[in-house]
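Heads up, the thing below is written out as structure tokens.
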Amino acid sequence: MKKAEPYLLLSPAYLLIGGFMFYPMITVVLLSFRQYQLMDPLNTPFIGLEHYGTMLTDGYFWRSLWNSVVWVSASLFFQFLLGFGLALLLNSTKFWGKGLYQAIVFTPWAVSGFLIAIMWAWMLNGEFGVVNDMLLRIGLIDEKIGFLSRTETALFACVLANVWFGITFFAIMLFAALQAIPPSLYEAADIDGATAWQSFWRVTAPMVKSTIVVTILLRAIWIFNWADLIWVMTKGGPGGASQTLALYVFQKAFLGLDFGYSAALGVALTVVSLIFTAIFLRVSKFHSETAF
Amino acid sequence: MTKPFNQKSSLSRREMLKLTGSTIIGAYVFGCSGATEQNTVTLFSAMGDVKNQAITKMAETFAQLHPDIRVEVLQVPWDQGRAKLITMVAGGNPPDLIVLTGQWMAEFRAMGAIDNLTSWYQTWTHKDAFTEIGIRRCEISAAIEDGQIYGLPLEITTRAMFYQKKWLDELGLEPAMTRSEWRTLLEKLTDPGKNRYGYAMRGARGGFWTWWPILEEFSGTNEWFDKDHRCIINGPDHVAGLSFWNDIYQDGLSPKDSLNWGYNELVQAFWSGICGCIEQDPEVVPTCLEHGMDASSLITAVMPAGPKAQVASNDIWILSRSSGAQNKEATQQFYGWVMAPEQLIPYSKATNVLPAVKQGMNDPAFNQGFFKPFMKMASNTALLQNWYPSYLPEMGEFIEVMVTEEQQNMLLKRQSPQDTLDKLADFLTKAQKKYVDQHGPDTPRPA
């Protein structure tokens with residue numbers, strides 16, 4: 001009885017986690033082995049790995065996976081670079097009204113993704129968009145560019161909106177991490193004659209490393225799974241040029257109503273995320289205390 | 001000043017209990033507003049805000065006349081409507097009454113979700129109230145089949161052409177009556193130097209609804225399959241129709257950016273004066289008027305005729321009783337009341353749609369000004385009625401995912417109209433054969 005007690009006390013938590021996390025996940029995995037068209041709900045035979053076989057030869061799947069890679073890496077690169085830069089600037093300068101300035105800078109993170117998408121879709125519109133208007137007035141372009149209607153630019157237009165939105169997340173998180181570094185470390189580095197680069201690489205970087213790794217990892221997974229921004233801006237078009245894997249899952253499930261195949265795609269999405277996480281944690285040496 | 005801990009609270013425990021109790025009872029009484037749970041009728045509607053509100057208002061009026069019945073309108077956004085309804089039905093929790101588009105009827109009937117209303121209909125006072133087109137659209141969408149009634153038309157939606165009247169006047173032009181005249185007109189209206197384009201093309205989601213009627217006009221048929229269940233939409237006439245649509249874009253008669261345009265961009269491009277014409281439902285008229293257009297700047301006209309047919313892009317919203325309706329008597333009482341011309345005509349006026357009842361055909365409100373061409377389109381029985389094989393489970397994916405991608409590939413010149421239609425026809429042939437294997441060769445066909 002004594003032995004069982006801790007498990008008994010923990011069981012409500014296990015039940016909750018099991019019920020709300022593992023049950024839906026297992027359901028999705030099981031669903032991926034079935035033919036499940038919502039339009040034909042009484043005819044859901046077990047078909048084994050057929051959906052996974054289809055996926056391997058499905059050109060849309062591979063294209064959307066590649067688009068996802070571009071979408072995640074481009075968004076993440078600029079978000080991190082600019083977000084970290086912003087955090088460093090906010091951390092190293094002192095000026096009147098800094099609190100208010102910070103609040104304004106962090107605002108985009110509080111705006112809903114849906115709203116951001118609508119805002120950027122209108123700004124980048126090829127006919128009435130303010131971006132085209134500005135570029136024309138400055139004289140950088142001679143004729144309007146359909147940012148969302150050209151295959152070469154559609155995905156990057158979405159990346160632009162995503163970067164605008166996501167910089168703030170990195171800025172908030174890294175700014176908090178930077179503030180937690182004791183000033184005495186910099187003083188000691190100063191006394192030892194460290195250059196600015198050395199004090200950044202030997203003091204700042206190791207101290208914020210765990211925050212950097214966790215934020216990049218979190219954000220990568222979020223961006224990978226995030227479909228609403230692209231859905232509102234381009235619907236995955238033109239001609240599938242901005243269709244990511246998450247969006248493909250959404251389209252298959254809620255427009256095509258093919259829940260079986262979209263469940264299989266969803267499982268693939270999860271597996272890709274897990275592989276990425278494992279590789280990333282290894283490459284970034286998350287558990288060691290040196291810089292990268 | 002903070003309150004000391006030992007000071008008596010202004011509400012005693014007994015008073016608090018009384019207050020809570022009476023609040024709960026009050027909320028219960030208020031929530032029920034005189035009707036018991038058994039007499040609550042639920043109505044599912046995904047028709048958009050304006051129409052949902054109009055239906056809700058009718059439900060309230062009905063509740064005043066029948067205090068023992070409460071009608072609860074379940075308002076669902078249009079683009080989630082079909083999936084939500086399928087989920088409710090498949091989950092065994094269907095609403096009592098369902099407002100369906102003509103395209104949904106066949107699939108929900110196939111699921112066994114719709115009740116047969118024939119015996120009630122035979123004794124109903126208003127059974128002869130509906131227009132010929134209203135009944136025909138019901139037949140086309142399988143709401144009426146072999147004299148059996150599964151639903152009646154709440155309204156008719158149809159399309160007409162909207163033109164910038166001032167542009168036409170400047171150039172001394174009239175709305176086009178044929179597609180070839182229309183093409184010439186678009187060329188004349190287009191002037192990129194002035195940032196003017198003839199047409200606002202719907203290149204993204206929903207573009208199918210504009211180019212499919214053109215294919216029907218060019219081929220003179222609304223059939224999709226031959227006797228052997230092969231899809232015929234990649235025949236030469238259909239290809240000519242799609243090429244006609246594609247050329248409008250390739251020849252620069254619509255803005256380059258329209259490749260990515262959906263409904264919102266389309267309507268804005270029109271009222272903001274970038275595009276000379278769009279084809280739309282009558283519900284767009286108030287939007288244009290709100291943005292400063294009036295009789296001097298806006299004119300509506302019937303859709304131009306193609307080489308082999310003039311097509312009415314009609315559809316209906318149908319009110320049906322769910323086969324899982326809990327309280328059939330109360331449900332039927334509301335149904336009979338709401339489908340009477342006295343209710344449907346004011347509803348149509350409030351929501352800028354056309355009524356499907358004879359009495360409304362002669363109502364001056366629908367026969368003048370901007371509405372006249374719509375009424376002409378919706379009442380002309382000689383026009384070819386557009387039709388889609390919506391009984392196929394793959395139709396959702398076809399229209400929502402596949403068509404949009406393939407049409408954009410064509411507009412991007414990655415494939416020809418022939419290639420585009422070959423791919424689409426191939427997909428549908430497979431879907432149709434699968435359906436025939438499961439349900440037998442008698443598939444629904446256009447009436």
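Could you run through the stretch B:406-415 and say how many residues are without any contact (Cβ under 8 Å) to a residue 40 or more places away in the chain and open to solvent by 20 Å² or more (accessible area, probe 1.4 Å)? Working first, answer last.
From the stretch B:406-415, those without any contact (Cβ under 8 Å) to a residue 40 or more places away in the chain are B:406, B:409, B:414-415; that's our starting set.
If we keep only those that are open to solvent by 20 Å² or more (accessible area, probe 1.4 Å) too, we end up with B:414-415.
Residues flagged as without any contact (Cβ under 8 Å) to a residue 40 or more places away in the chain and open to solvent by 20 Å² or more (accessible area, probe 1.4 Å) within the stretch B:406-415 amount to 2.
Criterion first (modelled with pLDDT of 95 or more, away from every other protein chain (no Cβ under 14 Å) and over 19 Å from B:GLU265 (Cβ atoms)) does B:LYS188 satisfy it? Against the criterion (modelled with pLDDT of 95 or more, away from every other protein chain (no Cβ under 14 Å) and over 19 Å from B:GLU265 (Cβ atoms)), B:LYS188 qualifies.
When every residue of the stretch B:202-224 is checked against the conditions, at least one turns out to be part of a loop (DSSP other than H, G, I, E, B), within 14 Å of chain A (Cβ to nearest Cβ), within 20 Å of the chain's Cα centre (by Cα) and surrounded by fewer than 20 Cβ atoms within 10 Å (Cβ to Cβ). For the stretch A:126-153, residues that are in contact with a Lys or Arg (Cβ under 6 Å, 6 or more places away or on another chain) and more than 8 Å from chain B (Cβ to nearest Cβ) total 1.
Taking every residue in the stretch A:159-170 that is of a type in the set (S, T, N, Q) and pairing it with any residue that is assigned to a helix (DSSP H, G or I) and open to solvent by 10 Å² or more (accessible area, probe 1.4 Å), at least 6 positions away or on another chain, the pairs with Cβ-Cβ distances below 7 Å are A:THR168/A:VAL105; A:THR168/A:PRO108; A:THR168/A:TRP109.
List the helices (runs of 4 or more DSSP H) that sit entirely inside the stretch B:311-421 and contain at least 2 residues that are within 14 Å of another protein chain (Cβ to nearest Cβ) and either within 18 Å of B:LEU215 (Cβ to Cβ) or among the acidic types (Asp, Glu) (or both). Please lay out each step first, then the result.
Numbers: elements: B:328-338, B:341-351, B:358-361, B:372-379, B:403-411.
Answer list for the stretch B:311-421: B:403-411.
Residues in the stretch A:41-51: is at least one within 14 Å of chain B (Cβ to nearest Cβ), within 19 Å of A:GLY256 (Cα to Cα), in contact (Cβ under 8 Å) with a residue 40 or more places away in the chain and part of a helix (DSSP H, G or I)? The answer is no; no qualifying residue exists.
Looking at B:ILE248, B:ILE233, which is the one that is under 28 Å from A:GLU152 (Cβ atoms), outside any strand (DSSP E or B), more than 14 Å from chain A (Cβ to nearest Cβ) and of a type in the set (Val, Ile, Thr)? Talk me through it step by step, then tell me what you get.
On the way: B:ILE233 fails: under 28 Å from A:GLU152 (Cβ atoms).
On inspection, the qualifying residue turns out to be B:ILE248.
Restricting the stretch A:211-231 to residues that are within 14 Å of chain B (Cβ to nearest Cβ) and open to solvent by 30 Å² or more (accessible area, probe 1.4 Å) leaves a set whose member that is modelled with the highest pLDDT is A:TRP231.
Scanning the stretch B:131-154 for residues that are farther than 21 Å from B:HIS439 by Cα and buried (at least 24 other Cβ atoms within 10 Å of the Cβ) yields B:ILE133, B:GLY134, B:ARG137, B:CYS138, B:GLY151, B:LEU152, B:PRO153, B:LEU154.
Can A:THR244 be described as at pLDDT 95 or above and within 20 Å of the chain's Cα centre (by Cα)?
Numbers: at pLDDT 95 or above: yes; within 20 Å of the chain's Cα centre (by Cα): yes.
For A:THR244, the condition - at pLDDT 95 or above and within 20 Å of the chain's Cα centre (by Cα) - is met.
More than 14 Å from every other protein chain (Cβ to nearest Cβ), within 24 Å of A:SER73 (Cβ to Cβ), in contact (Cβ under 8 Å) with a residue 60 or more places away in the chain and not aliphatic (A, V, I, L, M): does that describe A:PHE280? For A:PHE280, the condition - more than 14 Å from every other protein chain (Cβ to nearest Cβ), within 24 Å of A:SER73 (Cβ to Cβ), in contact (Cβ under 8 Å) with a residue 60 or more places away in the chain and not aliphatic (A, V, I, L, M) - is met. Quick one: how many residues across the stretch A:234-247 are over 11 Å from A:ASN67 (Cα atoms) and either more than 10 Å from chain B (Cβ to nearest Cβ) or open to solvent by less than 10 Å² (accessible area, probe 1.4 Å) (or both)? Matching residues across the stretch A:234-247 total 4. With a requirement of 2 or more residues that are closer than 24 Å to B:GLY252 by Cα, the helices (runs of 4 or more DSSP H) lying completely within the stretch A:63-161 that satisfy it span A:113-123, A:130-138. B:ASP294 meets all of the listed conditions (1) in contact (Cβ under 8 Å) with a residue 12 or more places away in the chain; (2) in a loop (DSSP other than H, G, I, E, B) but one, namely (1).
The values are calculated or read from the model by the stated rules, or taken from the named source; none is laboratory data. Values in this document were obtained by computation on a predicted structure and should not be read as measured data. Don't worry about glycine lacking a Cβ; one is built from the backbone with ideal geometry, like all the others, and counts go over all protein chains shown. Accessible surface areas use protein heavy atoms only, side chains included; no ligands, DNA or RNA. Shrake-Rupley method; radii C 1.70, N 1.55, O 1.52, S 1.80 Å.
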